[in-house]
1. Report those helices (runs of 4 or more DSSP H) wholly inside the range 1-100 carrying at least 3 residues which are at pLDDT 95 or above and among the small types (G, A, S).
2. Is it true that some residue in the range 328-342 is out of contact with any Pro (no Cβ under 8 Å at 6 or more places or on another chain), among the β-branched types (V, I, T), assigned by TED's automatic domain parsing to the domain that holds Y250 and within 21 Å of Y382 (Cβ to Cβ)?
3. Here is a list of conditions, (1) free of Cβ contacts under 8 Å to residues at least 40 places away in the same chain; (2) not in a loop (DSSP other than H, G, I, E, B), and N315 meets all of them except one; can you say which number that is?
4. Within the range 23-51, track down each residue that is surrounded by 16 or more Cβ atoms within 10 Å (Cβ to Cβ) and at positive phi.
5. Could you figure out which of (1) crowded, with 18+ Cβ neighbours inside 10 Å; (2) in the same structural domain as K118 (by TED's automatic domain parsing); (3) farther than 18 Å from E10 by Cβ isn't true of N197?
6. Of all residues in the range 243-287, which are closer than 18 Å to F317 by Cβ and either of a type in the set (V, I, T) or outside the structural domain of L312 (by TED's automatic domain parsing) (or both)?
7. Which one of A56, A35 is over 27 Å from A243 (Cα atoms) and of a type outside the set (K, R)?
8. For D66, work out the one condition from (1) more than 26 Å from K252 (Cα to Cα); (2) touching a strand residue (DSSP E or B) at 6+ places or on another chain (Cβ under 6 Å) it doesn't fulfil.
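The values are calculated or read from the model by the stated rules, or taken from the named source; none is laboratory data. Values in this document were obtained by computation on a predicted structure and should not be read as measured data. With ideal geometry, Cβ positions are generated from the backbone for all residues, glycine too; neighbour counts draw on all protein chains shown.
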Amino acid sequence: MKLHEYQSKELLEKFGVAVPRGKVATDGATAKEIAKEFGGRCVVKAQVLMGGRGKAGGVKLFENADKAGQFAGELIGKRLVSIQNPQGMIVEKVLVGELIDIAEEYYLSVLLDRAEQKLVVMLSKEGGMEIEEVARTKPEAIVRLHVDPAWGLADFEVRQAVEAAKIPAPAQRQMVAMIKALVKVYLESDADLVEINPVAWTSSGKLLAADAKVSIDDNAVFRHREYEATKDDSAEDPLEAEAARRGIAYVKLDGDIGIIGNGAGLVMCSMDEVKAAGGSPANFLDVGGGAQAERVKSCVELVLMDKGIKGLLINIFGGITRGDEVAKGILEAFSTLEVGVPLVARVEGTGAAEALKMLEGTQIVGAATMQEAAKKIVALAYA
């Protein structure tokens, strides 16, 4: 579950990380009053959980409170669209923060290195940029420091990492403290990502979290009820947000072949087969074990909300999930929705014979194997 920037900063501040002053506004008049507190010199930032806010026009600097309030009023209620999120998100609130005099920008994050089975601190002097771009063009600019799960971080390890990243000497002591605080935030907040980009080194000699991103492990949200209201809109993609509201395991991808299966492994195999057949998966969707017709219908509806879909593949191996219940859900979806794309269904296992009989005479194309299903949906979708 992703947190908004203002929530992330509030969390970091609780653990001793210095952040610029700022307050949240839900209308232009309030934003104007907040801007006055900073003498009119402020930054207004849209609070939407999507990347590319700045390029989308959601971040702007001001020297005048009236103009800041006017901009905030125009921004709230507007749909921001970015390259990362072409469907866009509606701005419901803005963060009005003080302007800071930035001398240098750094990058700092804590996340899980699954290969090493340890947390890793990532630090770079190349802040203010996408870390993926830095990793691609200047991998030597990123210093990685793994956290031993038994012993934690030793001070000398952190100091060595800060020196290796070529952080200027005047900022090193504060950076060491910030790294230790971020690791504590990660562990005590059940996070799966804590990121500051940029870490701002000001002309007055302060290290501040100019921007912040925190993501809480979905399985631990019950321990953080203060973020309950954020849960439903924590996905950057509107379809992922809708899936979260419906309790469906769904991930939006860049392709155009919709995929529904029962079990993560079967769904991933289906994605591989579609790719091998020359198609491009549009999503990952696990309908779950024991899914009833109503849930299957809801899953079909969700996938078809993606207007870029050219075809839909449903791959079910009946066990706890009965094939006839799946077929019933598919038929119910077709009876209430306008389905303008081809659909191929492969049903095997418990209830498979009943399912295939129910689907006879419909526009749904059957397939005996996963490979056959993938080839059929690709052929039909790209015909």
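1. It comes to 28-37, 65-75.
2. Yes, the conditions are met somewhere in the range 328-342.
3. N315 satisfies all of (1) free of Cβ contacts under 8 Å to residues at least 40 places away in the same chain; (2) not in a loop (DSSP other than H, G, I, E, B) except (1).
4. Residue satisfying the conditions is G40 alone.
5. (3)
6. I259, I260, V267, V274, V287
7. Just a single option satisfies the conditions, and that option is A35.
8. (2)
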